[in-house]
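Visitor: One structure, pasted below without further comment.
The values are calculated or read from the model by the stated rules, or taken from the named source; none is laboratory data. On a predicted model such as this, the values are computed, not experimentally measured, just so you know. Don't worry about glycine lacking a Cβ; one is built from the backbone with ideal geometry, like all the others, and counts go over all protein chains shown. Note: areas computed on protein heavy atoms with side chains; ligands, DNA, RNA excluded. Shrake-Rupley method; radii C 1.70, N 1.55, O 1.52, S 1.80 Å.
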Amino acid sequence: MTERHTELDAALDRVITAAREHLAAVKAADGRADDDHVWQAYVELNNASFEYDELLLDAYGEVTPWDVDAIDPDEADRQFGVGVEGGEPGDPYPHVVSVRQRRDYRVPSIGALLRLAESARQAAPHTEEDPAEPVETVGEALLELMQAGDGSLAALDIPELESLNGVVVVAEVGEGLDPEAYSDVDGVGPFQLADGDRIVDRLDEHAYVEFDAAEVAEDADAAEDDEVEDDAEEEEERADR
């Protein structure tokens, strides 16, 4: 057996061993996110696979299906905040980042908005014990549309609403939000900063177009009048022929 055969066999053994150790770490973590042992086993399996692939390419010009790059274990631990066994986690930045957003809307037609929200509510699954109640208010309509969408303000990017100004505040906070700590009608508490929290910056959102509703109505009437005049001229031309 040649030396390159020996190197390849040893590299393959390291891949198999690393794969078994990675599987064992995954089973031990049992779905726990950001487990240090799973990450370290992943790095070992990645690097063993990379080494075997490189040796196979050099020896025979063949490759494996594993499209991986080598990972520096020390750099990976520093970048991703993975702690070493028996030590403290390596992340020196334990803060939580909080994004708080407000955006206002103009409602050109309350009826059109309510009809759209009513359609969304009727399309949602309901039972005889929990029938679909009519949508009666603008606020209720917005909540219904957000629930029918992805739950974000993007669900309100619809013709039935005109987006106005808004603001986004990014802050560093010591603890994450606990919604259960506030009553359902408390619209202030969840947005207040606690002692020690720090605002990083504020982003002001401005509406793309500011316009007067009366001017829009006048423009629409003028366009309709022009269309009527054009139709009348076409009728006259056909009559002359």
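Visitor: Residue by residue, what Karplus-based ³J(HN,Hα) values in Hz, rounded to whole numbers, does the stretch 140-149 have, using 6.51, -1.76 and 1.60 with θ = phi - 60° and x for Gly and Pro?
Guide: Coupling constants for the stretch 140-149: 5, 5, 5, 4, 5, 5, 5, 5, 6, x Hz.
Visitor: What FRET efficiency comes out for the pair residue 29/residue 143, r = Cβ-Cβ distance, R0 = 45 Å, nearest 0.05? Let's see the in-between values first.
Guide: Values: r = 38 Å, r/R0 = 0.84.
FRET efficiency, residue 29 to residue 143: 0.75.
Visitor: Whole Å is fine, so just give me how far the alpha carbon centre of the stretch 1-48 lies from that of the stretch 162-188.
Guide: Distance between centres, Cα-based: 44 Å.
Visitor: Here is a follow-up. So which GluC sites (Glu not before Pro) in the stretch 153-186 are both in a DSSP loop and have at most 13 other Cβ atoms within 10 Å of their Cβ? Numbers along the way, then the final one.
Guide: Numbers: sites: 160, 162, 172, 175, 180; in loops: 160, 175.
For GluC sites (Glu not before Pro) across the stretch 153-186 that sit outside H, G, I, E and B with at most 13 neighbouring Cβ atoms in 10 Å, the list reads 175.
Visitor: Continuing with the same structure: So how far apart, in nm, are the two label points at residue 188 and residue 4 if each is 7 Å from Cα heading toward Cβ?
Guide: For the pair residue 188/residue 4, the computed spacing is 7.7 nm.
Visitor: Would you calculate the separation in nanometres between label points at residue 172 and residue 150, each defined as 7 Å from the Cα along the Cα-to-beta-carbon direction?
Guide: That separation, rounded to one decimal, is 2.9 nm.
Visitor: Accessible area per residue, 1.4 Å probe, Å², for the stretch 101-177: what's the number?
Guide: Details: 4710 Å² over 77 residues.
Per residue, the stretch 101-177 has an accessible area of 61 Å².
Visitor: To continue, here is another question. Please say if the stretch 1-59 is rounded, prolate or oblate, where rounded means a/c under 1.5 for a ≥ b ≥ c the square roots of the C-alpha gyration tensor eigenvalues, and otherwise the choice is prolate for a/b larger than b/c and oblate otherwise?
Guide: Working: a/c = 4.94, a/b = 2.77, b/c = 1.78.
Note, shape of the stretch 1-59 comes out prolate.
Visitor: How many nm is it between the label spots at residue 199 and residue 157, if each spot is 7 Å from the Cα in line with the beta carbon?
Guide: Result: 2.7 nm between the two label points.
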